[in-house]
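Visitor: The structure's right below; bear with me while I get my questions together.
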Amino acid sequence: MGRALQPKDAELVASRLLDASARGSYDPHVDIDWDAPLAEGKAYMPLERVSLYGTDLWRGLSQEQRIELSKHEIASIASVGLWFEIVLMQLLVRHVYDLDPRSAHAQYALTEVGDETRHAIMFAKAITRFGAPAYGPVKLIHLLGKGYGALAGGPSMFGAVLVAEEATDRLQRATMDDPDMQPLIRMVNRIHVVEEARHVRFAREAVTRDVPKLNRAQLEAHRWLLALTAFGVMDAMINPRVYRSVGIDPRRGRAAALANPHHRDTRRWMTEKVMAFLTDAGLVGGPSKKVLQAAHLI
Ligand SMILES: [Fe+2]
Ligand SMILES: [Fe+2]
């Protein structure tokens, strides 16, 4: 195992993250101007990352429709992110339940719950501002999320959190510095990127520390759980109903997106860094890798 994966002292990491949280945390109520007018003609995410980019359906859309679809896709990603943050809050609260509340680790986990509470509100306000539906994941995934929040734990739980956080992070970083993007979504993304960097460190540290404690059978079980959760979350990000916003039948739009090499590339691009980390950490490997390949995540 490489030097970067040596477990660090959990208390030291957590206390540094607590300091960083005190220095740089945002309140979406006051830090974002929700009344500012939306900029006309600006996309909501890079158009080449929209799921239909490059397809025949895409060629049939006007520039206005492409921007409209970018708005609905980012609204879908935000609503699925928000749903996952609510699941994550449950996971973190259950994680803290058994910890010594005096520890920096417990206090940072509680701080992260606070961050995610504000993020969920921020994404909800953004979706409202865009006038888009709160798409969320499809029904089955919504139902599975309820069970996952109540039961999941251990390295695959932190691994799945990393997949969701790092994948959205990659897309948000690509949007936040681009002057051609809608200013409101750039600000939302900037706030999220700053605060998620801490969450990623916390979860990576937990994975690095806990994977080596697993026996062979446990490791395989966690690999399967991680692969299936990553598949479920990443596949849920674009709710097929988004295609209705530009007059495309949801089933037809989804089929075109799944067959679209650009969209497959986008999925792999979003999870590239986190999959490299999880492979190094040992959580990605063995027969369950086929699930991740089928989902175009590796
Ligand atoms: Fe978040
Ligand atoms: Fe987070």
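The values are calculated or read from the model by the stated rules, or taken from the named source; none is laboratory data. This is a predicted model, so every value here is computed, not measured. Neighbour counts are summed over all protein chains in view; Cβ atoms, including those assigned to glycine, are modelled from backbone coordinates with ideal geometry. The protein model used for the area step is the full one, side chains on, heavy atoms only, and it has no ligands, DNA or RNA in it. Shrake-Rupley method; radii C 1.70, N 1.55, O 1.52, S 1.80 Å.
Visitor: Listed residues Gly136, Gly159, Gly149, Gly145; which is away from ligand 2 (no atom under 16 Å from the Cβ), of a type in the set (Gly, Ala, Ser) and closer than 17 Å to Gly81 by Cα?
Guide: Answer to the selection: Gly136.
Visitor: Confirm whether Asp100 is in contact with a helix residue (DSSP H, G or I) (Cβ under 7 Å, 6 or more places away or on another chain) and open to solvent by 20 Å² or more (accessible area, probe 1.4 Å).
Guide: Yes, satisfied.
Visitor: What's the number of the condition Glu116 fails, among (1) part of a helix (DSSP H, G or I); (2) away from ligand 2 (no atom under 14 Å from the Cβ); (3) closer than 30 Å to Lys213 by Cα?
Guide: It fails just one condition, (2).
Visitor: Any chance segment 156-168 includes a residue that's within 16 Å of ligand 1 (Cβ to nearest atom) and among the hydroxyl-bearing types (Ser, Thr, Tyr)?
Guide: For segment 156-168, residues within 16 Å of ligand 1 (Cβ to nearest atom) and among the hydroxyl-bearing types (Ser, Thr, Tyr): present.
Visitor: For residues that are open to solvent by less than 60 Å² (accessible area, probe 1.4 Å) and either assigned to a loop (DSSP other than H, G, I, E, B) or in contact (Cβ under 8 Å) with a residue 24 or more places away in the chain (or both), tally how many sit in segment 32-48.
Guide: Qualifying residue count, segment 32-48: 9.
Visitor: Specify which of the listed residues (His262, His222) is over 15 Å from the mean Cα position of the chain (by Cα) and within 29 Å of Thr175 (Cβ to Cβ). Full working, then the answer.
Guide: Working: His222 fails: within 29 Å of Thr175 (Cβ to Cβ).
Every option except His262 fails the conditions.
Visitor: From the list Leu69, Leu12, Leu17, which one is closer than 26 Å to His263 by Cα and part of a helix (DSSP H, G or I)? Spell out the reasoning first.
Guide: On the way: Leu12 fails: closer than 26 Å to His263 by Cα; Leu17 fails: closer than 26 Å to His263 by Cα.
The unique qualifying residue is Leu69.
Visitor: Test Asp177 against the stated conditions and say whether it is surrounded by fewer than 22 Cβ atoms within 10 Å (Cβ to Cβ), within 16 Å of ligand 1 (Cβ to nearest atom) and acidic (Asp, Glu).
Guide: No.
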